[in-house]
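Heads up, the thing below is written out as structure tokens.
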Amino acid sequence: MHEPLVECVPNFSEGQNSDVIKQITDTIESVDGIKLLDVDPGKEMNRTVVTFVGPPAAVKTAAFKAIEKASQLIDMSKHSGSHPRMGATDVCPFVPVQGITVEECIELSKEVAGKVAQELNIPVYLYEKSAQSPQRENLAIIRKGEYEALPTKLKDPQWKPDYGPTEFNARSGATVIGVREFLIAYNISLNTREAKYATDIAFELREKGRSARRGNTNPFYFKGTEILKYKENHYPCGDCDFVGKTMKETIDHCQQEHGYELANLLSLQGIDPQKPEGQSVKKPGKFKECKAIGWMVPEYDRAQISINLTNYKVTNMHDVLEKTRRLAADRGIVVTGSEIVGMVPFQALMQSGNFYLHRQVRSAGIPIKDVLQTAVQSLGINDVSPFNIKERVIGLPDNTNHPLIDMKVDAFVDEVSRESPAPGGGSIAALSGSLGAALSSMVSNLTANKRGSEEVDEVLNQAAEKAQGLKFNLLRAVDADTDAFNAYMEARRLPDKTTDQKEKKQHALQEGLKSAVQVPYNTALMSLDAIKIAETVVEYGNPNSITDVGVGAQMAFAGVMGGIYNVLINLGDIEDPHFVTDMKQKCNELEQEAAGLVQKISKKVEKRIQ
């Protein structure tokens, strides 16, 4: 399971004074656990966009400290710039990246808003998913009139801040805080210098769509065409020559022939279906949560489609790219690559990698870095500008805090062999279970997606993917077991001279022992799951690789027994009798199930060998 991670992208009304910007970013970086990802100042806009990421508590602290520092350094009464703004910290969005729900993130945003209002005396408006009413979801509506309109706006009961005073804060203005989905800035390059081609495709992609036309169907030549508009008793379809005598007639036609509901489209655009006269007919775009425009990029000497994916869980990069490739081909144009501007969530890139693996009829049950590399190559995001996975992917699983599994094999074996008690049997058990899962994944991938394997592809592809997940989690348990042991040893070193110290030490020791029990027990459970996968693979996998599955099952069984041994040895010092009895029973049942499965697998392996 991934650690909770939140991204924060505050916009500060200062883009010219580098010293002020650095003081703000230094304040952010001073918070433990925070990683500063990007600082993007704009001189003409006089505005800087900062991006940082970290665990929720750290992000909450860093966001407040940054807003506080900005209020000390930036005087809005002297500010001017081309970008709309209403405060020293103009807007501060929080983005749930992984391991945290939108609801939890909303609560975090409210806590920051309350603290800013109370301690800094700054009016705060909540927007996007944190908004208290639909009228305040849109940032542009809240910010209308900008800083200069605040003295009058704050007196209007309809614009009372969600937090903080209604008095005008001349120095800091007001701040907008809220939660939004992760926005992926994604550009697709074309083999043309003509921006109109990119614009035309962008209109096809974006949710907003385009005005429907009648006449010449050439997408690049609109001369002589007519933008269709609604007239009384004249309701034309935007995709064909059908003209309805009533709105309902046209809606029914659009539903049956083109698969979209015109009434819903009109409603989204604020058009009254009862009084549509003069309004242009809109042809909806292909993708929800997608904004797009076309432009020329002198740096690349090519036209690009600039895309904002405002919710990658609804529309991902590969969806848009594949449609763009088809639309470009229809127009005699070629996609020459794409690029991600800024950061991209790990899950979004994994989705694209899995999409292309499945399209290639390959198993997605391969190492994470291979899936991500498939995404990079298939999307072409290293073809336009350099893309470094480690630097550009938010939430990327790594071994930064897992020094053991980052070692070379010989170094790890040497570390085990030294006189220190950790890493010990618990870490080796986790490594054994991980190797067992890896072998099942290997045999699954060797067997599936080959000529004649169609009947077993689905079951083996699923087995490979499950095995990869177990392999990853068991590898992390190699360090987790050592960490749990070290935590127990730290508790043993606590002082115990006074009665209070003795009680605290005893409590810490008991909690440390329970943790030292739970970690290897989880290792045993995951290793049992690896044996279950081996049972599937030995049934459907290539018979020529059956011994590899047998070895994997034995390694996973070592993981089960090693985990159980480490549970039982630590139970002797635990004073909670119910906990001890329950764990012993669970270990006994787990051992019996694992032994039975391994024996069954071994018989099949030995029969094949003989």
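In degrees from 0 to 90, rounded to the nearest 10, what is the angle of the helix 18-29 Cα long axis to the longest principal axis of the chain?
For helix 18-29, the angle is close to 40 degrees.
Relative contact order (percent) for the stretch 290-394, with alpha-carbon contacts under 8 angstrom and 6 or more residues of separation?
25 percent
Would you mind ranking 159, 295 so that the residue whose beta carbon has the fewest other beta carbons within 10 Å leads the list?
Neighbour counts put them in this order, fewest first: 295, 159.
For the stretch 481-610, what size does the Cα cloud have along each of its three principal axes, sorted from largest down, in whole Å?
68, 25, 18
With the radius of gyration and the Kirkwood radius both derived from the Cα set of the stretch 429-487, what is their ratio Rg to Rh?
Here the Rg-to-Rh quotient is 1.19.
What is the ratio of the Cα radius of gyration of the stretch 5-179 to 2.2 N^0.38 Å, with N the residue count, to two decimals?
0.94
Looking only at Cα atoms, what is the convex hull volume of the stretch 380-433 per residue, in Å³?
Hull volume normalised by residue count: 132 Å³.
Evaluate the relative contact order of the chain (contact order divided by residue number), counting alpha-carbon pairs under 8 angstrom at least 6 apart; express in whole percent.
Relative contact order for the chain comes out at 10 percent.
In whole Hz and in residue order, list the ³J(HN,Hα) couplings for the stretch 204-211 that follow from phi through the Karplus curve 6.51 cos²θ - 1.76 cosθ + 1.60, θ = phi - 60°; x for Gly and Pro.
6, 7, 5, 4, 5, x, 8, 6
Using the C-alpha gyration tensor of the stretch 290-394, what are the square roots of 5 times its eigenvalues, in whole angstrom, with the largest one first?
23, 16, 13
Can you list the equivalent-ellipsoid semi-axes of the chain, largest first and in whole Å, using the square root of 5 times each Cα gyration tensor eigenvalue?
Its equivalent ellipsoid spans semi-axes of 52, 37, 22 Å.
Return 13, 189 ranked ascending by Cβ neighbour count within 10 Å, so the fewest neighbours appear first.
Listed from fewest to most nearby Cβ atoms, that is 189, 13.
For a footprinting-style exposure proxy, rank 371, 176, 416 by other Cβ within 10 Å, fewest first.
416, 371, 176
Counting helices only, and only those DSSP H runs with n ≥ 4, report the 222 nm mean residue ellipticity of the chain as the sum of -39,500 (n - 2.57) divided by its residues, in deg cm²/dmol to the nearest 500.
Theoretical 222 nm ellipticity from helices: -16500 deg cm²/dmol.
Can you give the % of DSSP beta bridges in the chain that are antiparallel, to the nearest 5?
Rounded to the nearest five, the antiparallel share is 80 percent.
Where Lys and Arg each count +1 and Asp and Glu each count -1, what net charge lies around residue 131 among other residues with Cβ under 10 Å from its Cβ?
Taking every Cβ under 10 Å from that of residue 131, the sum is -1.
Read-outs throughout are calculated quantities, based only on the coordinates presented, and are distinct from any laboratory measurement. Owing to the predicted nature of the structure, the values given are computational and were not obtained by experimental measurement. In this analysis, Cβ positions are derived from the backbone assuming ideal geometry, glycine residues included, and neighbour counts consider all displayed protein chains.
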